[in-house]
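Here's the structure we're looking at; comments come further down.
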Amino acid sequence: KAGISKTFTTSNELIPGQAIMMNLVDGPFKTLRGGWIFTALDEQACKVELKLEFEFSSKMIEMAFGKIFNELTSNMVNAFTKRAKQVYECYEY
């Protein structure tokens, strides 16, 4: 927010009907892995979770970006939910 920025790149793998997994390719992390997990609840519903494990490459980067990254993940979940509502609102179950 204070004029500094970082980017990161992940490799993503779709496991149809189960998950979208991601692993760090490049960025300010020592480790970053996880993904979107889809758990069937019944024929017409599923639970969606974003699970991430991460460690920044240094304490200084963690201090600068830790809170921002947590906000980013929250924004990702909100964006996913909003898009799912747009896509599936026309379906009646």
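The values are calculated or read from the model by the stated rules, or taken from the named source; none is laboratory data. All values derive from a computational prediction rather than experimental measurement. Cβ atoms come from the backbone with ideal geometry, glycine included; neighbour counts cover every protein chain shown.
Search region 3-50 for residues being surrounded by 12 or more Cβ atoms within 10 Å (Cβ to Cβ) and among the basic types (Lys, Arg), and hand back the single one that is modelled with the lowest pLDDT.
Among them, the one singled out is LYS6.
Between a residue in region 64-93 that is farther than 18 Å from LEU32 by Cα and any residue that is surrounded by 10 or more Cβ atoms within 10 Å (Cβ to Cβ) and at pLDDT 90 or above, which pairs come within a Cβ distance under 9 Å, given they are 6 or more apart or on different chains?
PHE80/TRP36; PHE80/VAL48; PHE80/LEU50; THR81/VAL48; ALA84/VAL48
Please go through region 38-93 and give me each residue that is under 25 Å from THR9 (Cβ atoms) and in a strand (DSSP E or B), ordered by number.
Residues satisfying the conditions are PHE38, VAL48, GLU49, LEU50, LYS51, LEU52, GLU53, PHE54, GLU55, PHE56.
Please enumerate the residues belonging to region 15-35 that are under 17 Å from THR73 (Cα atoms) and either part of a strand (DSSP E or B) or under 11 Å from the mean Cα position of the chain (by Cα) (or both).
Within region 15-35, ALA19, ILE20, MET21, MET22, ASN23, LEU24, PHE29, THR31, LEU32, ARG33, GLY34, GLY35 qualify.
Could you give every pair whose Cβ atoms fall below 7 Å, whose first residue belongs to region 27-48 and is at negative phi and in contact (Cβ under 8 Å) with a residue 24 or more places away in the chain, and whose second residue is of a type in the set (Phe, Trp, Tyr) and assigned to a strand (DSSP E or B), counting only separations of at least 6 or pairs across chains?
PRO28/PHE56; PHE29/PHE54; PHE29/PHE56; LYS30/PHE56; THR31/PHE54; LEU32/PHE54; VAL48/TRP36; VAL48/PHE38
Restricting to region 1-46, what's the tally of residues that are aliphatic (A, V, I, L, M) and in contact with a Pro (Cβ under 9 Å, 6 or more places away or on another chain)?
Count: 0.
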